[in-house]
1. Given axes a ≥ b ≥ c from the Cα gyration tensor, I'd like to know whether the range 246-300 is rounded (a/c under 1.5), prolate (a/b larger than b/c) or oblate.
2. Cα centroids of the range 242-312 and the range 360-424: how far apart, whole angstrom?
3. Rounded, prolate or oblate: which one fits the range 177-326, using the alpha carbon gyration tensor with axes a ≥ b ≥ c (rounded when a/c is under 1.5, else prolate when a/b beats b/c, else oblate)?
4. In the neighborhood of residue 320, defined by Cβ-to-Cβ distances under 11 Å, what is the net charge if each Lys or Arg adds +1 and each Asp or Glu adds -1?
5. Test of understanding: ordering 439, 112, 479 by Cβ neighbours within 10 Å, fewest first, what list do you get?
6. Give the calculated FRET efficiency between residue 468 and residue 246 to the nearest 0.05, with a Förster radius of 56 Å applied to their Cβ-Cβ distance.
7. Go ahead and run the numbers for FRET between residue 524 and residue 501, Cβ-Cβ distance against an R0 of 22 Å, rounding to 0.05.
8. Summing -39500 (n - 2.57) over the DSSP H runs of n ≥ 4 in the chain and dividing by its residue number, what mean residue ellipticity at 222 nm do you reach, to the nearest 500 deg cm²/dmol?
Amino acid sequence: MAVHDINPNTSATIEPMKREVMDTSSSSTDGKVAAKAEDEPDMDFERGFRFWTIIIGLGVTTLLASLEHTVVTTAMPYILQELNMKEDFIWITNAFFICSTALTPLFGQLCDIFGRRWVFLSIIAIFTLGSGICGGANSGGMLIAGRAIQGAGSGGIVLTVNIIVSDLCPLRKRGQYMAVILAIFGIGVALGPFVGGAIAENSTWRWVFYINLPIGGVSMAIMFLFLRVGFRDDRSLLEKLRRIDILGNAILMAGTTAILYSLTYAGVVYPWSSWHTLVPLLLGFLGFVVFTVFETSGFVAEPVMPARLFKHRTSVIVLANTFLNTTIYFWYLYFIPVYFQAVSLYSATRAGYSLLPQAVAGIPGAMLAAISLSRWGKFKPIHFVGFAITTLGMGLLALLDEDTSIPEWAVFQIIIALGIGIIIDTLLPAFQAPVSEADQAAATSTWGFVRAFGSIWGVAIPAVIFNNRIDERVHTVSDPVARALLGGGGAYQQASAAFVQQFGPPVQAEIRALYVSALKRVFWIGAIFAGLGALLVLVEKEVPLRKQLETRYGIEKEKEQNDEENSAGNKS
C-alpha cells in the first residue's frame, strides 16, 4: 500500500514520493552513484556562530547522557545498602538499557514527523526528570522507575545528537564533528565510574543523579536559544500521529524487553537451560522476526525501519560491526573495574580514575579516524585497522594478573581505547553512505538501535563467561563462606577490595587468583569477537561519501532563504 493512498493530503505525499524516487535511482546502479559522488565539488558549509554554539550544546548534552551509562557501577554498593534492593539491584542498570534501546527507533521517527528541535528539547526534559526521580528515590521501585525514564532520555539524546550533526554537515565532513561528540560521549562513559565512586564516598549517592539537574538546565537553555533548524509541515496533529509506526515500534519494544529480561536472570537466578530463561529469550527473538515481516509487508505507511536501509551489503556489514564494536566496548568497560577492585584491591574511587588512560586515548584515535575519513573518504581500511588494534588490546588484557604493573595496564587500556575510538566514529557515516539523505533520520535511528542493543549483550555475554568460569574454579577457594558468596553468579556483585580483604591472606590470594582466571577467559573470548569484526570488514564495499549537504533540516537561516526563493518562484 503506497503512502499517498493512505494520506490524501497532497503535501503529505511529496517527501515519501521523493524518497521512493531517490531510493530507486540510488539502488539501481551503484557505479553511477559512486561516480557522481566522486565528481561532486568539495563544497564548504556554513560554520558560523550558531553552528558552533549548537555543536557545543550537543557536546554538553552528550556528556549529560553518557555519564549515566556507567556512573552507578561504583556507587552501587552505597545505593544497595540504603535502599535494600537485594536481587533487584540488577534493574538499576537494566531498566536504563531497556528503555535506552527500545525507544531509539521511535525517537528517530518522531524527529522526522515533528522536527528535530522540540523532540530534542523534550528528550532532555525527560532525562532530567528521570535524574530528579532517581536522586529523590526512597525505594528500589522508585529508583528503577527513574532509571527507566533516564534511559529513555539518554538513548534519545545520543540518537538525536547524531541526527542533528547529520543535518548540519555533509556526509564527507560528518565524521569530524561526530568524532568530537562521540569523544565527549566516551569521556563521559569512562569518567562515570570515577564520578560515581567519588560522589558516593565523599557525599551521598543521590548526587550521582542530582548532578544532572544543573547540567540538564544549561543544556536545555543552550539548545532552546540556538537550535533553530529548518522544519515545516502543514499537516494537522492527527495526520502527523497517523504517520507513527505504532505497531512496529510496539513489537520491537516488546521483543527487546523480553530478551533483556531473559538476560537479566540467566545464569544468575535461573540456569540458561531453565524455561524462565529460554521462554522470554525465544519470544524476544520471535518478536524480531515478526517485526521484520511486519515492516516489509507493505501495510505500513512509514516503517520505522524501512527495508531499503538494508539493501546494500555494506549497510548489513556495518550494522554487524556496530553491534560487535559496542559489545566489545561495554565488555571491556564493565569488567576492567572488576580487575582493579577484586584483583588489584583498589578502592571504588581509585578504580574509577584508573580508567582515565582509555578515556584520554580514545580521543586521538577518534580524531585521527575522522580526519582520515574526511580527507580520503575511505572507511574500509579505517575499520580494519580499528578492529585489528582492538583485537590486540583485548588479547593484552587477558594477560592481567596480581603482579601487573600500573604502566602495563595503562598501556593495555590505551591500545584498546585507540582501536575502539578509531572504529566508533566512522561506522555511522559508512551506514549512511548508501542511503538517500531523505532517510538519514531512519538510518541513524536504526544504527543507534543496533548500537544500544549491542551494549546489552556487551554486559550479558561476558557475564555468562565470567560466571561460568567462576563456578568451574570456585572450589579452589578454601573458605566455605567465600565459596558460597562467589558461586552462583555472585562474584560480580562481590568484586570489591572490601570483600576480598575481609578474609585472611591465604584466602585473599585464592579469591584474587579466581578472579584472574575468570577475567582471562572473558578477555580472550572478547579478542575473538574483535577478530570477527576485522574479518567482516573484508566483506565491506567502499561507498563514496557525499560532499554536498542536502537536507530539509539545516540551520534555520538557510531554510528561510529557501522559503523566500520558493515564494518568489511561485509569484512569478
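What follows draws every value from the coordinates through simple rules; no lab data is involved. Because the structure is a prediction, the values reported are computed rather than measured. Cβ placement follows ideal geometry from the backbone for every residue including glycine, while neighbour counts extend to all protein chains displayed.
1. prolate
2. If you average the Cα positions of each part, the centres end up 32 Å apart.
3. Working: a/c = 1.85, a/b = 1.11, b/c = 1.66.
Taking the square roots of the gyration eigenvalues as a ≥ b ≥ c, the range 177-326 is oblate.
4. Numbers: positive: 313; negative: 540.
Residues near residue 320 contribute 0 overall.
5. Numbers: 439 20, 112 26, 479 16.
Result, fewest neighbours first: 479, 439, 112.
6. On the way: r = 40 Å, r/R0 = 0.72.
Efficiency, from the Cβ-Cβ distance: 0.90.
7. Working: r = 28 Å, r/R0 = 1.27.
Result of the calculation: an efficiency of 0.20.
8. On the way: 25 runs with 431 residues, N = 572.
The per-residue figure over the chain is -25500 deg cm²/dmol.
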